[in-house]
Amino acid sequence: MSSIGQVNTINPMKPIFPGSMLGLLGGGQLGRMFAIAAHQMGYQVTVLDSDPDSPAGRIADQFICADYADQAALQQMGEQCAAVTTEFENIPAEALAKLASYCSVSPDAHSVAIAQNRISEKQFLQSRGFPVAPFAVIEQGTDIEAMQDLFPGILKVSQFGYDGKGQRHVNHATELKTAFSDLGSVSCVLEKKLSLKCEVSVVLGRGHDGNVTCFPIVENQHVNGILDISIIPARIPETLAENAFDVAGNVADALNYRGVLCVEFFVLQDGQLLINEIAPRPHNSGHFSIDACVTSQFEQQVRALCHLPLGNTNLHQPCVMVNLLGDVWRRGEPDWSQVLRQPSAKLHLYGKKAARQGRKMGHFTVLDVTADEALARASAIKQLLESN
Ligand code: ADP
Ligand code: MG
């Protein structure tokens, strides 16, 4: 029985099979790895990005060089694709909404709009009872004197911040005022600076049927606000990992999310788990899954997008992922033999030309019998690359 105009959200959507054209908003490395996974499974990929030479655009079957607000470009993408996803959370939600009038889009505009703004993200999480760090919204005219409880704190711009960019550490009201104007007096959140035992993340897929599959939990080490090393599985108690899986799954359910989602957590000294932020896409901390899991986070993105059952996320072996930032290129092209001569190290380079400081250029993953052994070997390779 069917009635015209009635949307039935319970019926599974029709699968989109290999050979179909998938659309991707954004041409960065996450998009490139999505395109590689999609190609491997026999799909074609259209990439939309304003950069004429982006990592994903370069390997796409079709490339639309345009801004995300370009209505004609969005129409072209919507008409030629069976489904569209994003690799970039700062896509205007209206672009996703427009595409959804042509084809299947995941994640949806609503989830992306929440995740792309720290204020709406924190307010959403708090309103649903998820634990977050103490924070306040700082706007022009906010009573900064009333923020005493949040010092020392971190002031973060509400939008477009990434890899620790758009953040300032502040110890008192005077520093806060300076930092706020330094950041352009845009809407911000002030967050209490917490003493962290460690940071972990859960990357998950949530299918069209609401089924959630989590990847193994990841322990993340940051340097200057940028992810440096991920250790899998995280060296935390089983009960804490279970708690993180539950919370991450509940966040995805609360958003009625479809696609791959990452939930970043702070673990406090007393073992308490707080949500730091969420990313409505595959995540840097999930890159290990390409080499170490039955299904990668990018294949999972394809599967969720195409209304297919989610893949098995079992870990083949413990592993460590090391990010390769532009800094490693400061004395020219790194000596890749340091990675390539290791039989269980897997090198990934994103094909970016300019190796700027702090820019993510690639990563490598080392698999071993235990996470600690993988960490020791990965750290040794990292040191050799950096001392080149
Ligand atoms: P980004 O969007 O750039 O990833 P995050 O808010 O995740 O920004 O901050 C980057 C890193 O900075 C975090 O992973 C953590 O290491 C550190 N950090 C951020 N907020 C806090 C905080 N409130 N207390 C302690 N460390 C923090
Ligand atoms: Mg982060």
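The values are calculated or read from the model by the stated rules, or taken from the named source; none is laboratory data. Here the structure is a predicted model, which means the values were calculated and not measured. Heads up, the Cβs are rebuilt from the backbone with ideal geometry, glycines too, and the neighbour counts pull from every protein chain shown. Accessible surface areas use protein heavy atoms only, side chains included; no ligands, DNA or RNA. Shrake-Rupley method; radii C 1.70, N 1.55, O 1.52, S 1.80 Å.
Filtering V218, V212 for residues that are assigned by TED's automatic domain parsing to the domain that holds H363, within 16 Å of ligand 2 (Cβ to nearest atom) and among the hydrophobic types (A, V, I, L, M, F, W, C) leaves a single hit, V218.
Applying the condition of being open to solvent by 50 Å² or more (accessible area, probe 1.4 Å) and part of a loop (DSSP other than H, G, I, E, B) to region 185-209 and asking which residue is farthest from ligand 2 (Cβ to nearest atom) yields D209. For region 126-173, the set of residues classified as in a helix (DSSP H, G or I) and at pLDDT 95 or above consists of Q126, S127, L150, listed by residue number. Taking the condition assigned to a loop (DSSP other than H, G, I, E, B), at pLDDT 95 or above and either touching a His at 6+ places or on another chain (Cβ under 9 Å) or within 26 Å of F124 (Cβ to Cβ) (or both), does A234 pass? Criteria met by A234. Screening L96 with (1) within 16 Å of ligand 1 (Cβ to nearest atom); (2) surrounded by 17 or more Cβ atoms within 10 Å (Cβ to Cβ) gives one miss only, at (1). The conditions are (1) away from ligand 1 (no atom under 16 Å from the Cβ); (2) at negative phi, and G184 fails exactly one of them. Which is it? Single failed check for G184: (2). Has region 258-266 got at least one residue that is farther than 23 Å from Q159 by Cβ and among the acidic types (D, E)? No, every residue in region 258-266 fails to be farther than 23 Å from Q159 by Cβ and among the acidic types (D, E). Within region 187-238, the set of residues being acidic (D, E) and within 16 Å of ligand 1 (Cβ to nearest atom) comprises E191, E199, E219, D228.
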